[in-house]
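Please read the structure below before turning to the comments.
Just so you know, all these numbers are worked out from the coordinates, no wet-lab data involved. Please read all numbers here as calculations on a predicted model, not as lab measurements. Every residue, glycine as well, gets a Cβ built from its backbone with ideal geometry; the counts of neighbours run over all protein chains shown.
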Amino acid sequence: QVQLVESGGGLVQAGGSLRLSCAASGRTFASSNMAWFRQAPGNEREFVGAINWNGGLTMYVDSAKGRFTISRDKANSTVDLQMHSLKAEETAVYYCCAARIWTWAQGAYNYWGQGTQVTVSS
């Protein structure tokens with residue numbers, strides 16, 4: 001079991017930066033692969049990026065490459081999403097999630113946080 005709580009969302013101007021954090025608790029966090037997804041109003045939830053259990057691997061959706069960075073802190077059981085050069089179309093609720101396997105597929109992630117709202121004004 002993994003419990004996840006996101007924080008750090010808010011309002012930012014286009015071109016600005018924001019850092020989201022996901023606090024995890026539970027015995028299996030250390031062995032879990034972690035990801036961030038986002039869902040804009042009227043859209044399906046989409047993959048943003050992921051980091052593997054030991055932090056040695058990351059992957060990102062093409063639109064996030066070079067602008068977003070995912071990191072994890074084993075000691076504090078947190079996973080962060082640093083976002084730069086944000087765009088208005090990236091306004092969405094951002095979710096943290098955990099999975100046993102290394103994948104971008106939403107269905108494989110069986111633990112989810114409640115989400116945090118990110119609003120990018122143009």
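What Cys residues in the chain are without a partner cysteine, judged by a Cβ distance under 4.7 Å?
Isolated Cys, the chain: CYS97.
Taking the Cα centre of the chain as origin and charging only Cβ (+1 Lys, Arg; -1 Asp, Glu), how large is the dipole, in debye to the nearest 20?
It comes to approximately 280 debye.
Using alpha-carbon positions, what is the distance between the centroids of the stretch 81-117 and the stretch 5-80, in Å?
6 Å
Rg and Dmax of the chain, using alpha carbons, in Å: what are they?
Every Cα atom of the chain included, Rg and Dmax give 13.2, 42 Å.
How far, in nm, would the chain grow between SER85 and ARG67 when pulled straight, counting 0.36 nm per residue and subtracting the alpha carbon separation? Don't jump to the answer; show the numbers that get you there.
Details: separation 18, 0.36 × 18 = 6.48 nm, distance 0.65 nm.
Length difference between fully extended and current span is 5.8 nm.
Could you go through the stretch 28-45 in sequence order and give the Karplus-derived ³J(HN,Hα) for each residue, using 6.51 cos²θ - 1.76 cosθ + 1.60 with θ = phi - 60°, rounded to whole Hz, and x for Gly and Pro?
9, 4, 4, 9, 9, 7, 10, 9, 10, 10, 9, 9, 8, x, x, 10, 7, 5
Of the residues VAL12, VAL79, VAL48, which exhibits the maximal mean-square fluctuation in a Gaussian network model of the chain defined by a 10 Å Cα contact cut-off?
VAL12
Along its three principal axes, how long is the stretch 47-90 when you only count alpha carbons? Whole Å, largest extent first please.
34, 17, 15
Given the options GLY107, GLY26, GLY66, which has the most mean-square fluctuation in a GNM of the chain, springs set between C-alpha atoms less than 10 angstrom apart?
Taking springs between Cα atoms under 10 Å, the residue moving most is GLY107.
For the chain, set up a Gaussian network in which alpha carbons nearer than 10 Å are linked by springs, and say which option among SER85, SER32, SER71 fluctuates the most.
Maximum among the listed residues: SER85.
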